[in-house]
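As structure tokens, the structure follows; a few thoughts come after it.
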Amino acid sequence: MSQELAVDQGLARYQDVDTIRSLLHSTRTVAVVGLSSKVLRPSYFVGFYLQRHGYRILPVNPREGEILGEPCYSSLADLPVTPDVVDVFRAPDAVPGIARDAAAAGARALWLQFGVISFEGAEIAERAGLSVVMDRCMKIEHARHMGRMHWLGLNTGRITARREPA
């Protein structure tokens, strides 16, 4: 078995549809670790989208003062409330520490965005009782499972892989 296939099979357990749906329906507060104030960054767009859809966003970024009208916090330990989900936009090598901090903060889940793959961090979170989603975008999964694919024109009403003729 190739290493790539082994990684894909390992990721599958962290991309469970029932877990994703349950989290999306029960979550109210999302701590976004690595949220950027730069509007063209994926973290900003995801935070903006989630905020627009009723989630309370808690930005965690020691280099910022305020993002999306919310004060920024230097770490998960500084949050004034317990987040339901910790959504991570950081390099994979930072995830084990973030997983420990998420558990200490009382979060129910650790959500790792596209390309943020850390089996060590997932194991730490799971041992602490957190649900884990890995290599998935919370915004895209929300749009997929909550009927919001039309937002910003993503729903054409047509499902096809064929391109329109020129």
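The trypsin sites (Lys or Arg not before Pro) of the range 63-134 that meet both conditions, a loop assignment by DSSP and at most 13 other Cβ atoms within 10 Å of the site Cβ, are R63. In this Cβ point-charge picture (+1 for Lys and Arg, -1 for Asp and Glu), the range 3-153 has a dipole of about 500 debye about its Cα centre. Cα gyration tensor of the range 54-137, axes a ≥ b ≥ c as square roots of the eigenvalues: rounded (a/c below 1.5), prolate (a/b > b/c) or oblate? Prolate. The share of alpha-carbon pairs in the range 3-153 lying farther apart than 23 Å comes to 30%. Enter the Cα centre distance for the pair the range 75-144 and the range 31-53, rounded to the nearest angstrom. Using only Cα atoms to place each centre, the spacing works out to 15 Å. Distance between the modelled labels on L11 and K38, one decimal in nanometres: 2.4 nm (7 Å Cα→Cβ projection). Straightening the chain between A94 and D18 buys 24.7 nm, computed as 0.36 nm per residue apart minus the Cα-Cα spacing.
The numbers here are math on the coordinates, done by the rules we state, and not lab data. Keep in mind that what you see is a predicted model, and the values were worked out from it rather than measured. Cβ: placed from backbone, ideal geometry, glycine included. Neighbour counts: every protein chain shown.
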